[in-house]
1. Can you compute the FRET efficiency between PHE118 and ALA21 using 1/(1 + (r/R0)^6), with r the Cβ-Cβ distance and R0 = 25 Å? Round to the nearest 0.05.
2. Short version: what are the Cα gyration tensor semi-axes of the chain, square root of 5 times each eigenvalue, largest first, in whole Å?
3. Assign unit charges at the C-beta atoms only (+1 for Lys and Arg, -1 for Asp and Glu), then state the dipole size of the chain relative to its Cα centre in Debye, rounded to the nearest 20.
4. How much FRET efficiency would the formula 1/(1 + (r/R0)^6) give for PHE130 and PHE110, where r is the Cβ-Cβ distance and R0 is 25 Å, rounded to 0.05?
5. Set Lys and Arg Cβ to +1 and Asp and Glu Cβ to -1, take the dipole of the chain about its Cα centre, and tell me which of THR127, VAL99, HIS57 lies farthest positive.
6. By the gyration tensor of its Cα atoms, with a ≥ b ≥ c the square roots of the eigenvalues, what is the shape of the range 87-158: rounded for a/c under 1.5, prolate for a/b over b/c, or oblate?
7. For the cross-link pairs LYS28/LYS80; LYS84/LYS145; LYS3/LYS80, which exceed 18 Å when the distance is taken from alpha carbon to alpha carbon?
8. Quote the relative contact order of the chain in percent (integer), defining contacts as alpha-carbon pairs under 8 Å separated by 6+ residues.
Amino acid sequence: MMKLKEQHIVVTGASSGLGYAMAEALLKEGATVALSSRPGGGELNEAVHNLTRQGLHAVELPMDVRSEQSVNDAVDWVKKEWGKIDVLVNNAGIGMRTVNPQFLTEPQPFFQVSPNGFRDLIDTNVTGYFLVSRCFVPFMIEEGKGKVINISMNYETM
């Protein structure tokens with residue numbers, strides 16, 4: 001893995017799971033990483049605290065990928081505090097447990113999923129990626145560089 005010194009990276013969905021693991025790995029390679037997830041609940045603060053306690057340059061960036069205002073606020077923070085972004089990792093997502101908590105042991109057909117559960121899944125896992133990219137990419141274009149990495153999941157279990 002290459003050293004990422006002076007790289008500024010935003011990872012969405014980084015308070016736990018794969019997002020946290022990616023943020024930690026990027027930090028250990030020397031990047032400055034803004035861990036992002038929905039505000040509230042304390043998980044994001046705890047994740048950043050765990051990483052900074054290890055001497056890593058992690059920062060907390062509350063952002064709800066389903067909210068244009070929240071995403072715009074995050075972009076404004078990045079512009080003001082960093083002045084650039086090198087990589088955006090679109091990772092925020094909610095899984096099958098959101099629409100069916102027992103999906104591994106009691107799978108259900110798609111027509112049994114509640115419309116609200118499905119909307120929340122789409123708003124987070126699809127529309128969220130669009131909103132975050134839509135807001136960060138123009139900033140990357142202004143800077144003349146930047147990369148977007150989209151992490152996806154398999155909906156086969158649905």
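1. Computed FRET efficiency for PHE118 and ALA21: 0.35.
2. On the way: eigenvalues 162, 63, 38 Å².
Working through the eigenvalues yields semi-axes of 28, 18, 14 Å.
3. Approximately 280 debye in magnitude.
4. 0.70
5. It is HIS57, whose Cα lies furthest towards the positive end.
6. Taking the square roots of the gyration eigenvalues as a ≥ b ≥ c, the range 87-158 is prolate.
7. On the way: LYS28/LYS80 24 Å; LYS84/LYS145 9 Å; LYS3/LYS80 25 Å.
With Cα atoms farther than 18 Å apart: LYS28/LYS80; LYS3/LYS80.
8. Computed value for the chain: 23 percent relative contact order.
Values in this text are rule-based calculations from the coordinates and carry no lab data. Just so it is clear, the model here is predicted, and its values are computed rather than measured. Virtual Cβ from ideal backbone geometry, glycine too; neighbours counted across all protein chains shown.
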